[in-house]
Amino acid sequence: MSGDAATHPDLPQVSARWVRWGLWYVPRLVRKNFSAVRLLGKPPAVVTEDAETPLLIYLNHPSWWDPVAVAVLTERFIRGRVGYGPIDGAGLEKYRFMEKLGFFGIDPASRAGASKFLRVGRAALATPGAILWVTAEGHFTDVRKRPVTLRPGVAHLARK
């Protein structure tokens, strides 16, 4: 990614400078706070910036560390792509810098929030080389809770 990412008008303007800073900072944060980061099974092949097919990646949401995990996975396996992800609008108001990292605010409890999620999600998935990271439970949950309940929006995007 070079310069600031030129994007669809519904997408946040991702700052290459902020992303570089985040990808520099996050490994240090992880080393300071974790004894290990482990992947189950064989590690995936690195997806390079040449890949044009957009990716939809969803994960559960047990903690606020999830964006850190996303950054670690991005740096290690999915280099050179622009990532986007929904965040509670109130959280984005509190941490405005996250918009420069590709986060977009939604109200998870409203129809307008669902509509915005689908509109921005479709825009991300129509952008060559983009990644849409979705915590498909839509809120923080206990990692031990079963069954995992996913919100339907991610299925609508995947179907499209």
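Does segment 88-106 hold any residues that are touching a residue at least 60 places away in the same chain (Cβ under 8 Å) and open to solvent by 30 Å² or more (accessible area, probe 1.4 Å), and which are they?
Result: F97, E99, K100, L101, F103.
Can you find even one residue in segment 89-103 that is more than 17 Å from S15 (Cα to Cα) and either touching a Lys or Arg at 6+ places or on another chain (Cβ under 6 Å) or of a type in the set (F, W, Y) (or both)?
Looking for residues that are more than 17 Å from S15 (Cα to Cα) and either touching a Lys or Arg at 6+ places or on another chain (Cβ under 6 Å) or of a type in the set (F, W, Y) (or both), one finds none in segment 89-103, hence no.
Residue by residue, here is whether (1) at negative phi; (2) surrounded by 11 or more Cβ atoms within 10 Å (Cβ to Cβ); (3) modelled with pLDDT under 80 holds:
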residue: V19; (1), (2), (3): yes, yes, no
residue: K32; (1), (2), (3): yes, no, no
residue: P43; (1), (2), (3): yes, no, yes
residue: E49; (1), (2), (3): yes, yes, yes
residue: V68; (1), (2), (3): yes, yes, no
residue: G83; (1), (2), (3): yes, yes, no
residue: P86; (1), (2), (3): yes, yes, no
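Got at least one residue in segment 130-139 being closer than 28 Å to A51 by Cα and free of Cβ contacts under 8 Å to residues at least 12 places away in the same chain?
Within segment 130-139 (the criterion being closer than 28 Å to A51 by Cα and free of Cβ contacts under 8 Å to residues at least 12 places away in the same chain), the answer is no, since none of the residues qualifies.
If only one of A155, A114, A126 is more than 28 Å from L29 (Cα to Cα), modelled with pLDDT of 90 or more and open to solvent by less than 70 Å² (accessible area, probe 1.4 Å), which one is it?
Exactly one of A155, A114, A126 is more than 28 Å from L29 (Cα to Cα), modelled with pLDDT of 90 or more and open to solvent by less than 70 Å² (accessible area, probe 1.4 Å), namely A114.
The values are calculated or read from the model by the stated rules, or taken from the named source; none is laboratory data. Just so you know, these numbers come straight off a predicted model, no measurement behind them. Every residue, glycine as well, gets a Cβ built from its backbone with ideal geometry; the counts of neighbours run over all protein chains shown. When the accessible area is computed, the model is the full protein with side chains, heavy atoms only, and any ligands, DNA or RNA have been set aside. Shrake-Rupley method; radii C 1.70, N 1.55, O 1.52, S 1.80 Å.
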